[in-house]
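Visitor: My questions will all concern the structure given below.
Quick note: the coordinates plus some simple rules give every number you see, no bench work behind them. Because the structure is predicted, anything quoted here is derived from the model rather than measured. Don't worry about glycine lacking a Cβ; one is built from the backbone with ideal geometry, like all the others, and counts go over all protein chains shown.
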Amino acid sequence: MNRETSFMKSIGSLLLTAGLLALVGCASTPARVDHGPIKARTFHFFNADAKPAAWFADGRPDVHPRVQEAITKALAAKGLTKVASGGDVMVGYLIIVSDSVSTTAVDDYFGYDMAVSDLRDKSHKAYVTGNKNPTPYPAGTLLIDLVDAKSFKLLRRDHVSRPIMRQLPNDERLARLQESVDEALKGLIVTQ
């Protein structure tokens, strides 16, 4: 690893830690929720069919299947089976991308309009306003929710943030995505 790469990783770690602390520290929409073990056997993703794509949405159609595949794999390891609809829990996820200038959210499979704005604003403050580094440093946050499908109670919300590395080969990109999802869901306990 050369010095520049090591320096960028160190800067990235500091920025992500500061960003996470700022995201967790804001009170109105919690960045983390954990109501303990979740009793479920099945899950399904929020249905985004009725929502038109936002003007700033990620133009790559492959982003959602890849994220959903990683979440499905992580939840299967915890004993949850994916179904097309009617699962015990609904899974929503929000992708927030920030650099030193702007912050955008891809919320096609998230489901909470007001929470999206609040969470995007928290990320913007953490990465843009709080960022003292004058060079653009893109970072991404993946926030994952598990919601009771009958009561619509938010059972668990957690997130993970990483520097965005645009030049990675596809297999490394997929491995980083899986590692990120696994980290976000590592404390999840599922009972049946």
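Visitor: Between residue 118 and residue 73, what FRET efficiency comes out of the Förster formula 1/(1 + (r/R0)^6) with R0 = 30 Å and r the beta carbon distance, rounded to 0.05?
Guide: Working: r = 29 Å, r/R0 = 0.97.
With a Förster radius of 30 Å, E is 0.55.
Visitor: Another one. If neighbour count is taken as other Cβ atoms inside 10 Å, put 191, 42, 141 in order from fewest to most.
Guide: In increasing order of surrounding Cβ atoms, one gets 191, 42, 141.
Visitor: Next question. Suppose R0 equals 25 Å; then what is the FRET efficiency for residue 102 and residue 63 from their Cβ-Cβ distance, rounded to the nearest 0.05? Show your work: numbers first, answer last.
Guide: Numbers: r = 18 Å, r/R0 = 0.72.
It comes to 0.90.
Visitor: Turning to a different aspect of this structure: Calculated FRET efficiency, residue 153 and residue 34, Cβ-Cβ r, R0 22 Å, to nearest 0.05? Display every interim value, and only then the final one.
Guide: On the way: r = 13 Å, r/R0 = 0.58.
It comes out at approximately 0.95.
Visitor: Got a sec? How would 162, 157 order by Cβ neighbour count within 10 Å, fewest to most?
Guide: 162, 157
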